[in-house]
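A.B. asks: First the structure, which I've put down as structure tokens, then a few questions once you've had a look.
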Amino acid sequence: MIEEISNQLKKELLKAGADEVVISTIEQEANQLKFVNNRIAKVGNERLIGSSLFIVKDKKILSTSYQPTDKEDLKKFCQKTMKMVRLLPPNEQYRGLAEGPFKYKKIENLYDSKVEKLGEKGVEIVEEGINTALSKGAKRVAGNFEYCTFRRHLTTSHGIEFSEKGTKWYCSVRALIDSYATGHMTSSGRMLNSLNIKEIAGFAGEIAKMARNPQPGVEGKYDVIFEPMPLANLFNYVAGAASIFDKEAGFSFLNKIDKNYGSSKVTLTDDATIADGFNSTAADSEGVPTQRNVILNKGQFKGYLHNTSTARRYGVKNTANAGLIAPAPWNIWVNPGTYNKEELFREVKRGIYITNIWYTRFQNYITGEFSTIPRDGIFLIENGKITRPIKEIRVKSSLPDFLKNISALGKKQYQIKSWEADIPTFTPAVLVKGMNITKPK
Amino acid sequence: MYEDLAEYSLAYLQKKRVDYAEARLEEHQSNRLILKNSVLEGVGSDQYQGLGLRFVLNKTLGFLSINDFDKETLKRMIDHSLRVTARAAKIKDPLEFSSEKVVKGKDIVKAKIDPLDYPVEEKIKLLSQINKELLATKLDLPNRYLSLSDNVVNKYFINSEGAKIVSKVPRVVLFYSLTLKENNRFIQRSWEYGAATGYESFNQWNLNKRLVQEMKALSDNVKRGISAPKMADVVVAPEVTGIMVHESAGHPYEADRIFGREAAQAGESFINAKMLGQQIGNPCITVVDDPNMAHGYGYYLYDDEGVKARRKYLIKNGKINEFLHDRETASKMGLPSNGSARANNYDKETMVRMSNTILLPGKYSEEELFESIKLGVYIKNFMEWNIDDKRLNQKYVGNEAYLIKNGRLTDQPVKNPAIEITTPKLWSSADAVANNSEFHAGNCGKGEPMQAIPVWFGGPSFRLRKIRLS
């Protein structure tokens, strides 16, 4: 059905005068179990079907969407849409779409029938998560478990046809003892067996227990060990800044290719081809086969993320990151280091262990100056050991300083997607030297 | 609109013997334009309908969203949703709703310049004119990002108690982010203007002049700016007032946070029900949330649970006075809802949200606030800000700011004065409120999946005594 909708839209738009079109039609059924105070507070279900359209006529560009009703409406919709396109001024910077057809590599572990058939059995997973966190000492457990199945069909005026079927899941568990003694962990993926609910709920519960009776933090410079949760938040801003759109709009600190922006220990890649990657896909939003794109290689910035048009404009190779208007990263991969957790802590004489952050906000995107607020368990590290929980601190830094001061990386990666880390991020825990910590006066 | 299918779904749910059911059918028509560095990147235009069905089964909340209006598919999805909800009931949080008056009403906002009729060429001209004025300054502005959006949302709400509400609300919003390069330094400014009107509001925002003034002021700030004094009295202008009331007087008063319903992501609140009546700030501080403000970007007359909306006094003369409630949180406190349930789309559940949250004006002019200040800082606007998930520890960093000396505002720019403070300290440091109210637009994020919802925040300038700045 979705193939029929895509192809019909393409046919009618070309008939009505479009030069170029990209039609992507998706059909999705999703489930959500939201839990609060150890109980399920909401059961959500969704069915979505619709097409997103990118239409070009004489370099005049319109992005729009279509909701299937019947064929006559589709025809009228296409004619009306083309009238609107003709009213627009041309975008002289536009350089066209990719020429197909393409062959696509199979990416492993993007669909799991167990996720598709999970239905009401998701309740048991939630129950297990709640009970695990409670068993670790939490008094209250809150979170979210979402799982969906989708099919996508993409066709273009330039000989591209692509279809995929996938499943996705996302799970978030926050354990609470009181307003400061809290711990949080999320996990996401495509295959049900990669969900280890006991591990994430257990981690949240343990952090909450360790965080009881915190003392106010003290301002100053500290070496900081960040867990994957806060890192996903910060690395989202790093990878997002590699979009050529963000660079042109003034939302990027990555100003020069080949410049060193980070420590030689940092290699960060955009990769849509990761098995079990939440956003993995074989084709980008214009149907170009996706690939692995190195953003930072040993700290050195290697290049911006492009779609066909922006790549042609800059005379560089397309990185398959369409976004037809704004190229964007798919999944972020931070190369792991060699340290286990204990070894990371051993590196710290006087430092802070941060398990989560939120509200990262920028004073200046070009210099990358930001502050962000640690939440959930925050701990003082003295001579390689956690000595006590602390509270009410803020991290003040810049993205280049943060990257340059990364001195050690853990060896175990986690796939994190969260509220403020929309781009799934595979990252280990990381040690950053000399971060500024402030607090309310 | 597919009203018949909303009615069919409601009847189907009732046949399945749910305790409560509601159908919220929405039609969204929207347009968006991006002008980036003088280039129109493209135009977006969308029109869609969808149905959100919320029901209570065995005291468990179920929610189904669907935009596929085939009857058999609808039935299949409702059955699926009922099945999952029935299973979830074994670990339910027993849900009760407050008892509410059954409303049958209409809320049709008529735009003078309807966003759907206003030609796209005219919208492009609005952006081009701002861009032209910026270029005419001859300042080095390497990044000029202007994004103009409008939408008209039609809603049809019915529930099993007999409520029936029809609404239509237009909105227009402009977001800008500008980079100034001066003395080899980059300085940035982002903000947005919005209203629940048609394009008639756009001219009132006076953006052609305003953005030019802002860039000139920032240029001056780079050239002549001095560091902020370590301790000073501070006068914040309406834009800063707005973010302060939103973050530290709006969010902590959302009753769903107080009861832990958003604990996993949006967080909780340092305030609890026992604190009602406690003094949290100076008696000059009164903060209201008022959905009924005409043109307010967060405007509505009936909330998304079908409850008639009203003004809420969150802080009254410095005392914690009232929380924002939906039917669930109101029931927990034995109160009627005060109409604060909103959803940003048919595919999202309702939750407790702000609307137009403002500090009520005092009796002073802005100039009078400066009179008793020996050494102070006037913060006109800001860039960086954040607040913790309990809404206690917050930070605001000024972008355009000036020195106040010996009772007068000077033209001496101050570089990035930062206030890092707790909520009780903030509101108890206030001692005078001006009468120069302004309202600003934002998209407030909450919930999981995230729902960004249009809100206004603002009020007049107000004065804070003895603030540590960095």
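Values quoted throughout were computed directly from the atomic coordinates according to the rules given, and no laboratory measurement underlies them. Since the structure is predicted, the reported quantities are computational estimates derived from the model, not experimental observations. Cβ placement follows ideal geometry from the backbone for every residue including glycine, while neighbour counts extend to all protein chains displayed.
A.B. asks: Under a straight-distance cross-link criterion of Cα-Cα below 15 Å, which aspartates and glutamates are reachable from residue B:415, leaving out those fewer than 8 residues away in the same chain?
C.D. replies: Leaving aside aspartates and glutamates fewer than 8 places away in the same chain, those within reach of residue B:415 are A:369, B:182, B:214, B:220, B:384, B:400.
A.B. asks: Rg (Å, one decimal) plus Dmax (Å, integer) for the alpha carbons of chain A?
C.D. replies: When restricted to the Cα atoms of chain A, Rg and Dmax are 23.4, 73 Å.
A.B. asks: Roughly how compact is the protein assembly as shown, stated as its Cα Rg over 2.2 N^0.38 Å to two decimals?
C.D. replies: Working it through for the protein assembly as shown, the quotient is 0.90.
A.B. asks: Toward the positive end of the charge dipole of chain A, about the Cα centre and with charges on Cβ (Lys, Arg +1; Asp, Glu -1), which of A:171, A:48, A:407 goes farthest?
C.D. replies: Projecting each Cα onto the dipole axis, the largest value belongs to A:407.
A.B. asks: Quick one: if you stick a label point 7 Å off each Cα along the C-beta vector at residue B:116 and residue B:372, how many nm between them?
C.D. replies: If labels sit at residue B:116 and residue B:372, their model points lie 5.4 nm apart.
A.B. asks: For region B:171-187, what does the Karplus curve 6.51 cos²θ - 1.76 cosθ + 1.60, with θ = phi - 60°, yield as ³J(HN,Hα) per residue in whole Hz, taken in order and with x for Gly and Pro?
C.D. replies: So the Karplus estimates, Gly and Pro as x, are 9, 10, 8, 10, 10, 9, 9, 10, 10, 10, 10, 8, 6, 6, 10, 9, 9 Hz.
A.B. asks: Cross-link partners among lysines for residue B:446, C-alpha distance below 18 Å, same-chain residues fewer than 8 apart left out?
C.D. replies: The qualifying lysines are A:34, A:42, A:417, B:348, B:390.
A.B. asks: What is the average number of partner chain Cβ atoms found within 10 Å of a Cβ in B:386-394?
C.D. replies: Values: counts 10, 4, 10, 10, 5, 0, 4, 8, 4.
Partner-chain Cβ atoms within 10 Å, mean over residues of B:386-394: 6.
A.B. asks: So, by mean Cβ neighbours within 10 angstrom, what's the order for B:250-261, B:377-388 with the highest one leading?
C.D. replies: Descending packing order for the listed peptides: B:250-261, B:377-388.
A.B. asks: Relative to the compact-globule scaling 2.2 N^0.38 Å, provide the ratio for the alpha-carbon radius of gyration of region B:3-224. Numbers along the way, then the final one.
C.D. replies: Details: Rg = 24.0 Å, N = 222, 2.2 N^0.38 = 17.1 Å.
For region B:3-224, the normalised Cα radius of gyration is 1.40.
A.B. asks: Let me ask something else about it. Of A:317/B:36; A:349/A:433; A:439/B:395; A:57/B:125; B:181/B:216; A:60/A:80, which sit over 19 Å apart, Cα to Cα?
C.D. replies: Going by Cα-Cα distance, A:317/B:36; A:57/B:125 fall outside the 19 Å limit.
A.B. asks: At 10 °C and a viscosity of 1.306 mPa s, what translational diffusion coefficient does Stokes-Einstein give for region B:63-134, taking Rh as the Kirkwood radius over Cα pairs? Give it in µm²/s as a whole number. Could the numbers behind the result be given before it?
C.D. replies: Values: Rh = 18.4 Å.
Answer, rounded: 86 µm²/s.
A.B. asks: Estimate the FRET efficiency between residue B:274 and residue B:101 by the formula 1/(1 + (r/R0)^6), using the beta-carbon distance for r and 41 Å for R0, to the nearest 0.05.
C.D. replies: 0.90
A.B. asks: Quick check: net charge around residue A:336, other residues with Cβ under 11 Å of its Cβ, Lys/Arg +1 and Asp/Glu -1?
C.D. replies: +3
A.B. asks: I'd like the Kirkwood hydrodynamic radius of region A:173-235, using the inverse of the mean 1/r over distinct C-alpha pairs, in Å.
C.D. replies: Kirkwood hydrodynamic radius for region A:173-235: 13.4 Å.
A.B. asks: I've got another one for you. About the Cα centre of chain A, what is the dipole size in debye to 20, counting +1 per Lys and Arg Cβ and -1 per Asp and Glu Cβ, all else neutral?
C.D. replies: Using Cβ point charges on Lys, Arg, Asp and Glu, chain A gives about 920 debye.
A.B. asks: Bin width 10 Å, origin at 0, all Cα-Cα pairs of region B:321-368: what percent of pairs per bin?
C.D. replies: 23, 36, 21, 14, 6
A.B. asks: Residue A:75 to residue A:441: extension gain in nm, 0.36 nm per residue of separation minus the Cα-Cα distance?
C.D. replies: The residue A:75-residue A:441 span can extend by a further 125.4 nm.
A.B. asks: Provide B:284, B:444 in ascending order of the number of other Cβ atoms located within 10 Å of each residue's Cβ, fewest first.
C.D. replies: Final ranking by Cβ density, sparse to dense: B:284, B:444.
A.B. asks: Show me the GluC sites (Glu not before Pro) within region B:147-253 that DSSP assigns to loop and that have at most 15 other Cβ atoms within 10 Å of their Cβ.
C.D. replies: Passing sites in region B:147-253 are B:161.
A.B. asks: Can I ask one more? Relative contact order, percent, of chain A when contacts are C-alpha pairs under 8 Å separated by at least 6 residues?
C.D. replies: Rounded, it is 16 percent for chain A.
A.B. asks: At R0 = 25 Å, how high is the FRET efficiency between residue A:128 and residue A:342 if r is their beta carbon distance? Nearest 0.05 is fine.
C.D. replies: 0.35
A.B. asks: Here's a follow-up. Take the alpha carbon gyration tensor of chain B, find the square roots of its eigenvalues, order them as a ≥ b ≥ c, and report rounded if a/c is under 1.5; if not, report prolate when a/b exceeds b/c, else oblate.
C.D. replies: Oblate, because a/c is 1.5 or more while a/b does not exceed b/c.
A.B. asks: Another question, if that's okay. For a quick check: with amide H placed at 1.01 Å from N, whose amide H comes under 5 Å from residue B:105's, ignoring anything fewer than 5 positions away on the same chain?
C.D. replies: Amide H to amide H, under 5 Å and 5 or more residues apart or across chains, residue B:105 pairs with B:164, B:165, B:166.
A.B. asks: Another question, if that's okay. Suppose only helical runs count, i.e. DSSP H with n ≥ 4. What mean residue ellipticity at 222 nm does that imply for the protein assembly as shown under -39500 (n - 2.57) per run, divided by all residues and rounded to the nearest 500 deg cm²/dmol?
C.D. replies: After summing the helix terms and dividing by the residues of the protein assembly as shown, the value is -6500 deg cm²/dmol.
A.B. asks: Also, I was wondering about something else. Any idea how far the Cα center of region B:88-164 sits from the one of region A:1-56, in Å?
C.D. replies: Cα centres, region B:88-164 to region A:1-56: 22 Å.
A.B. asks: With viscosity set to 1.002 mPa s and temperature to 20 °C, compute the Stokes-Einstein D of region A:214-438, Rh being the Kirkwood radius across alpha carbon pairs; µm²/s, no decimals.
C.D. replies: Working: Rh = 17.7 Å.
Roughly 121 µm²/s, to the nearest whole number.
A.B. asks: Using a 7 Å offset from the Cα along the Cα-to-Cβ direction at both residue A:84 and residue B:15, what is the distance between the two label points in nm, to one decimal?
C.D. replies: 3.7
A.B. asks: What is the set of long-range amide H partners of residue B:414 at a cut-off below 5 Å, with H atoms built 1.01 Å from backbone N?
C.D. replies: So residue B:414 has HN proximity to B:226, B:401, B:402, B:403.
A.B. asks: Right, here's the next one. Work out the mean other chain Cβ neighbour count within 10 Å for the residues of B:259-271 and drop it here as an integer.
C.D. replies: Average per residue, whole number: 6.
A.B. asks: Quickly rank A:118-124, B:392-398, A:358-364 as a protection proxy: mean count of other C-beta atoms within 10 Å, highest first.
C.D. replies: The densest-packed peptide leads the list: B:392-398, A:358-364, A:118-124.
A.B. asks: For region B:3-224, what is the relative contact order in percent, using Cα pairs closer than 8 Å and at least 6 residues apart in sequence?
C.D. replies: Result for region B:3-224 is 22 percent.
A.B. asks: List the lysines whose Cα lies under 16 Å from the Cα of residue B:308, skipping any in the same chain that are fewer than 8 positions away.
C.D. replies: B:101, B:104, B:106, B:155, B:164, B:168
A.B. asks: Additional query: Please give, to one decimal in nm, the separation of the simple spin-label points placed at residue A:411 and residue B:48, each 7 Å out from Cα toward the Cβ.
C.D. replies: Calculated label separation equals 4.6 nm.
A.B. asks: Okay, next question. Using each residue's phi in region B:101-117, evaluate 6.51 cos²θ - 1.76 cosθ + 1.60 at θ = phi - 60° and report the 3J(HN,Hα) Karplus result to the nearest Hz, with x for Gly and Pro.
C.D. replies: Values, residue by residue: 5, 6, 10, 10, x, 9, 9, 10, 8, 8, 7, 6, 10, 4, x, 7, 9 Hz.
A.B. asks: Now a separate question. Using a 10 Å cut-off on Cβ atoms, rank the peptides B:361-368, A:229-236, B:347-354 from the highest mean neighbour count down.
C.D. replies: On the way: B:361-368: 16.1, A:229-236: 26.4, B:347-354: 24.9.
With the highest mean Cβ count within 10 Å placed first, the list reads A:229-236, B:347-354, B:361-368.
A.B. asks: Now for a separate question. For each of A:333, B:191, B:205, count neighbouring Cβ atoms within 10 Å of the residue's Cβ, then give the residues from fewest to most.
C.D. replies: The most exposed by this proxy come first: B:205, B:191, A:333.
A.B. asks: I want the local charge near residue A:202. Using Cβ-Cβ distances under 11 Å, sum +1 for each Lys or Arg and -1 for each Asp or Glu among the other residues.
C.D. replies: Overall, the nearby charge balance is 0.
A.B. asks: Determine the shielding of peptide A:434-441 by partner chains: average, over its residues, the number of Cβ atoms on other chains within 10 angstrom of each Cβ.
C.D. replies: Counting other chains' Cβ atoms within 10 Å and averaging over A:434-441 gives 4.
A.B. asks: Using Cβ counts within 10 Å as a stand-in for footprinting exposure, how do B:152, B:212 rank, fewest first?
C.D. replies: The fewest-first ordering by Cβ neighbours comes to B:212, B:152.
A.B. asks: Now for a separate question. Whole-Hz ³J(HN,Hα) for each residue in region B:349-365, computed from phi via Karplus 6.51 cos²θ - 1.76 cosθ + 1.60 with θ = phi - 60°, x for glycine and proline: what do you get?
C.D. replies: The phi angles translate into 6, 6, 8, 6, 9, 6, 10, 10, 10, 9, 7, 6, x, x, 9, 9, 7 Hz.
A.B. asks: Test of understanding: express the Cα radius of gyration of region A:145-261 as a ratio to 2.2 N^0.38 Å, with N the residue count.
C.D. replies: The reported ratio for this selection is 1.52.
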